[in-house]
Amino acid sequence: MYEGPSSKTKVIGKTITGDVVFVTAAADSWYKIQLPGGQIAFISSNMLTNKIFRTQKTAVSTRLLDTPDINSPAKITIAKDTSLNVLGSYNNFYLVDHNNQLGWVIK
């Protein structure tokens, strides 16, 4: 991740496969992104994808949270053995798609 839309600007962090970022702007082949924790950075467009990271089943009944925070309100409770599309991760949470509803679950 870079401070500006160029690999010649200061490196301010890095992402790994599966990290969740939100695209807030685009210019040429660069995206301005925001991490779920609020950090702003720029990343080359060839580093991003919007594909499903993996599919997994819930081991127990799980709350679908509004934000990646244990104290976040639950949107719904997902039953045990439900298949979820995992889109990425942030800290101890996965961003998932459950029946076209996005939310966060604890890893």
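Taken together, the values in this text are just the output of simple stated rules run on the coordinates, not laboratory data. On a predicted model such as this, the values are computed, not experimentally measured, just so you know.
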Length added when fully stretched, Q101-T9, from 0.36 nm per residue minus Cα-Cα: 29.4 nm
Rg/Rg_globular for the stretch 54-106, with Rg_globular taken as 2.2 N^0.38 Å and Rg from C-alpha atoms: 0.97
Rg to Rh quotient for the stretch 36-81, alpha carbon positions, Kirkwood Rh: 1.09
Residues of type lysines that K107 reaches as a straight line, Cα spacing below 25 Å, ignoring anything fewer than 8 places off in the same chain: K14, K51, K57, K75, K80
Karplus 3J(HN,Hα) series, Hz, for the stretch 86-99 with 6.51 cos²θ - 1.76 cosθ + 1.60 (x for Gly, Pro): 8, 9, x, 9, 8, 6, 9, 10, 10, 8, 10, 10, 10, 6
Relative compactness, the chain, computed as alpha-carbon Rg over 2.2 N^0.38 Å: 1.17
Net length gained if the chain between K51 and Q34 were fully extended (0.36 nm per residue, minus Cα distance): 4.3 nm
Percentage, to the nearest whole number, of Cα pairs in the stretch 1-49 over 14 Å apart: 42 percent
Residues whose placed amide H lies under 5 Å from that of H98, excluding near-sequence neighbours: G103
Extension reserve of the T17-D69 stretch, reckoned as 0.36 nm per residue once the Cα distance is removed: 16.6 nm
